[in-house]
Structures are given as C-alpha cells and as structure tokens.
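The values are calculated or read from the model by the stated rules, or taken from the named source; none is laboratory data. Quick caveat: nothing in here was measured; it's all calculated off a predicted structure. Here the Cβ is made from the backbone with ideal geometry for all residues, glycine too, and neighbour counts use every protein chain on show.
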Amino acid sequence: MKTISINGRFLAQPLTGVQRFARELTQALDRKIAAGEVPQALRGMDWRLVVPGEAKADLDLTAIRLERLGGGTGHLWEQTALAWRARGDLLVGFGGSGPLLHRDQLTVIHDATIFRHPASFSRSYRIFHGLLGAVLTRTARIATVSHFSRGELGEIFRVDPAGISVVYNATDHFAGLVPDETILDRLKLTGGDYFLLVGTLKPNKNIAFAIQAFEALAAAGQKLVIVGGIHSRVFKGGDYGTGEGLVFAGRLSDAEIAELERRATAFVFPSLYEGFGIPPLEAMSQGCPVLASDIPPVREACGEAALYFDPTRQETLVQAMRTVLGEPATRDRLIADGHANAKRFSWAGSADSLLTLLARMQPKR
C-alpha cells in the first residue's frame, strides 16, 4: 500500500501565513479522506503526518495518522531524518521546502519574496532557500497559492509556469470562531476608534508607510492598531516608531484578531509584495471593510471588494482612510462585497485541488 507522507515541520514553527496554510489544508485533507471524498487513484492510500519529535502536534486528525520523528526541528531534520523516513513515499510539503534528494514529492512554494524583496530576509536564509527553490522546481512537482505567484516562480526559476499548480489559501477557519471580546478593554479601545493592520513586521509589509499615512490623516479619536511579531533570525526588521495613536499589540490569538476586525473602522493592508494575501480576506469574513495595496496578488484575492491605494504614494492611503471615515455608504458596500468575496475561497475547495493534483502524480494502474 502506497504511503503519502505530509511534511509536518510547520508544527515546529511560529504561526504565520505559511504555517496557517499548512495547518488548515492538512485538516481539510483529513476531513476529505475520512469521508471517502478522494479521487479513485488515491483510494486505499496510507496517509501520515510526520512531525519533529519536539513539535506541538495539536491538530485534530482522524484519517491521517500522526508520527513523531526525532532528530531536530529544522532543515537538517528535513534533509536527513524526514528524507530517510519518507523514502519510497509520495511526500507532500506545504512550507516551501523539502528533502533535496527525494524525487517523488509535491512542494508548495508560496511566493518569490526572497528574490523580489531580499532586504526582508537574512543573507543565510536567502542563500539556502534560493538553492532549495532552484533544485525543487526541477526535481519536484510544484504548487503555489496564486496565479500571480505561479508566474513569478516560473520567471525567477526559469521553468514553465504551466507546470506549476495553484492551490488557493482560504479563510473559513475564521467562520466558527468565538471572538474574544476582552481584547478591546486590554488594548484600551472602544470599537470604531481604530484602523487595524495585521502582519509580520518585515520591510515588504510596508508598515512604516501605513504609520506615516495614519499620522498624516490626523483623524481625531482614531488609532492604528498593529498586530504581529517579527522573526529576527529570518526577517530584517525596521524602526516603526512609537507615535501617539499607535498601538503595537504583538502576537494575538485568532479569537482576539476576529474581535478587533469586527469592531475596527477598517482593515489596512499596505503590503508591497505578497504571494496571495490572506489577512484582508480574514478581515472581510468578519465584516471589516478593507483598504488594500493595489498589487496583482491582492487584486486576485480581493477582487472588487476592497478600496485600493498605491502602496508607494502616501496620499492615496490617506484618501482611502478619509473615504471610509466620511462615507458610510461606501463602508457598507465594502462590508457586503467583502463577505461575498471571502466565500469564493474555502479549505475544502483547496483540499479538492490538492487531491486532484496528487491523483495526477500517481502512475496509472
């Protein structure tokens, strides 16, 4: 019986968009497998999630068995312990990396940020992941999270983008959340008195730009709440200031973020570069109007449901903020359109796309 092994290294990493994708897609796959909703070519497969021995494996799985494997939690574990354990298996990786010598694998590479915005990453990270990408795009089946990223990866690694599949991110993990209403009191907010920004604090996220625009807005009674952390070992940070009206909330739970989104004046997404852009979709799912950077991957994700601005021209974000503050009808339209747009994406749909791709990788019986 053929085994499909999922690279569970993401469970030993801090939760960002990549890890969120891996967690939610693994759980969606598990539900599909348990219900027997898999292509014929995958019937009877043995599924397992191989995780580093020290990882916190807190996923609720019934059809995919969990298997712990010692030997560390980083790239060395992936290239040695995982490579050995998964030999002969079809290996699936959701985090942009995988054993270089494994020839039967599917790897999801989320974006090309290390090439388009190298200043956001440490030199060692850029070198290693550049090598990984160059090798994997030639030895593994590659998927990514948007049509925009497919084109980027094809151009950078000089491979045919037609051979790269798209498996979208989704937002329905927010659907069943019970918002944590205590977060407003803890941050000294009342609701409707702040703009919200959620993202890892790294240069391509363009947070300093958003802060400067907010300060130029000079809207009485409004604050800018910034949620997110910085991984100093990987990303290079920046000086984001400590001006009046800025609230740096650090890392928060999904329930806390959901409550902030439901009560915010608007969600601000100023990123210069993304593979997809899941935070604005999460905000839309919670009824929060979105002001978004006018770049191709965000357009692909948000459609016509956001109010766009140029992420290099401060005055365009200032104007978008003024619009959402001063035009209730526009704000209501953004909320309604955002709800509808978020429903275009689901983890069940993404799991179907992945299962179809894995089925195509199987030899005909």
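Select from segment 51-67 the residues that are over 26 Å from Ser124 (Cα atoms) and not in a loop (DSSP other than H, G, I, E, B) and list them in ascending order.
Our first condition is that a residue be over 26 Å from Ser124 (Cα atoms); within segment 51-67, this holds for 56-67.
Within segment 51-67, Arg65, Leu66, Glu67 meet the criteria.
Exactly one residue among Val298, Val324 is modelled with pLDDT of 95 or more, buried (at least 17 other Cβ atoms within 10 Å of the Cβ), under 22 Å from the mean Cα position of the chain (by Cα) and outside the structural domain of Gln27 (by TED's automatic domain parsing), and that residue is Val298. Residue pairs whose Cβ atoms lie under 6 Å apart, sitting 6 or more positions apart in sequence or on different chains, and linking a residue in segment 142-155 that is in contact (Cβ under 8 Å) with a residue 24 or more places away in the chain to a partner that is among the hydrophobic types (A, V, I, L, M, F, W, C) and surrounded by fewer than 21 Cβ atoms within 10 Å (Cβ to Cβ), are His147/Val166.
Residue count for segment 140-186, restricted to those that are more than 22 Å from the chain's Cα centre (by Cα), among the β-branched types (Val, Ile, Thr) and crowded, with 17+ Cβ neighbours inside 10 Å: 1.
Considering only residues that are of a type outside the set (A, V, I, L, M, F, W, C) and part of a loop (DSSP other than H, G, I, E, B), which ones fall in segment 306-342? If you could, list the steps in order and put the result at the bottom.
If we filter segment 306-342 for residues that are of a type outside the set (A, V, I, L, M, F, W, C), which is where we start, we get 308, 310-316, 319, 322-323, 326-328, 330-333, 337-339, 341.
Asp310, Pro311, Thr312, Arg313, Glu327, listed by residue number.
Residues of segment 239-297 that are among the aromatic types (Phe, Trp, Tyr) and closer than 17 Å to Ile211 by Cβ: Tyr240, Phe248, Phe267, Phe269.
Go through the residues of segment 56-65 one by one and say whether even a single one is out of contact with any Ser or Thr (no Cβ under 6 Å at 6 or more places or on another chain), basic (Lys, Arg), touching a residue at least 24 places away in the same chain (Cβ under 8 Å) and assigned by TED's automatic domain parsing to the domain that holds Thr356. For segment 56-65, residues out of contact with any Ser or Thr (no Cβ under 6 Å at 6 or more places or on another chain), basic (Lys, Arg), touching a residue at least 24 places away in the same chain (Cβ under 8 Å) and assigned by TED's automatic domain parsing to the domain that holds Thr356: present.
Report those helices (runs of 4 or more DSSP H) wholly inside segment 68-159 carrying at least 3 residues which are under 30 Å from Ala301 (Cα atoms) and aliphatic (A, V, I, L, M).
Values: elements: 113-116, 123-139, 147-157.
Helices (runs of 4 or more DSSP H) meeting the threshold: 123-139.
Output the residues belonging to segment 252-277 that are buried (at least 24 other Cβ atoms within 10 Å of the Cβ), part of a helix (DSSP H, G or I) and at pLDDT below 95. Correct list: empty. Take the residues in segment 32-80 that are surrounded by 14 or more Cβ atoms within 10 Å (Cβ to Cβ) and on the phi > 0 side of the Ramachandran plot; name whichever of them is modelled with the lowest pLDDT. Residue satisfying both the conditions and the ranking: Gly71. When restricted to residues that are of a type in the set (S, T, N, Q) and under 12 Å from Ile335 (Cα atoms), segment 278-303 contains 2.
Checked against (1) in contact with a Leu (Cβ under 9 Å, 6 or more places away or on another chain); (2) crowded, with 18+ Cβ neighbours inside 10 Å, Ala12 passes all but a single condition, namely (1). Look at (1) of a type outside the set (A, V, I, L, M, F, W, C); (2) assigned to a helix (DSSP H, G or I); (3) touching a residue at least 12 places away in the same chain (Cβ under 8 Å) and you find that Gln362 fails only one, number (2). Contact map, segment 306-328: residues that are among the charged types (D, E, K, R) paired with residues that are surrounded by fewer than 21 Cβ atoms within 10 Å (Cβ to Cβ) and in a helix (DSSP H, G or I), Cβ distance under 6 Å, separation 6+ or inter-chain. Pairs shown: Asp310/Thr316.
Among the conditions (1) part of a strand (DSSP E or B); (2) among the aliphatic types (A, V, I, L, M); (3) modelled with pLDDT under 95, the only one that Leu15 does not satisfy is (1).
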